[in-house]
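Values in this text are rule-based calculations from the coordinates and carry no lab data. Everything numeric in this text was worked out from a predicted model, so none of it was measured. Methodologically, a virtual Cβ is constructed for each residue, glycine included, from the backbone with ideal geometry; neighbour enumeration extends over all protein chains shown.
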């Protein structure tokens, strides 16, 4: 295997890494319910080989759902996916919905306003 082929293979493998989606477990009970949040993100597999926005779409959809209500986390998340096919690509549309919450500030962080 030539040096340029080895470099190309290494670059292709490095480009396939993705950020794992970790939905945080809500263990605190001191939160405020803000309402229902929704987030969507789409990824494409070009020629069924080249990922475009594919790896991070779950993380982006989760973050958009939380940010839609300016919250800190989701409880009761529901993840759904719709895919479509084109002649040269496959598309994957991910949607995450759930109840957005905001944690209350710990009492030691709450300070009285200065006069």
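Could you tell me, in Å, what Rg and Dmax come out for the Cα atoms of region 3-104?
Expressed in Å, the Cα Rg and Dmax of region 3-104 come to 17.2, 57.
Apply 1/(1 + (r/R0)^6) to the Cβ-Cβ distance of residue 55 and residue 84, taking R0 = 25 Å, and write down the FRET efficiency to the nearest 0.05.
Result of the calculation: an efficiency of 0.85.
Apply 1/(1 + (r/R0)^6) to the Cβ-Cβ distance of residue 40 and residue 7, taking R0 = 22 Å, and write down the FRET efficiency to the nearest 0.05. Intermediate values should be presented prior to the final figure.
On the way: r = 36 Å, r/R0 = 1.65.
E(calc), rounded to 0.05, equals 0.05.
Can you tell me the FRET efficiency between residue 47 and residue 68 if r is taken as the Cβ-Cβ distance and R0 is 30 Å, rounded to the nearest 0.05?
0.35
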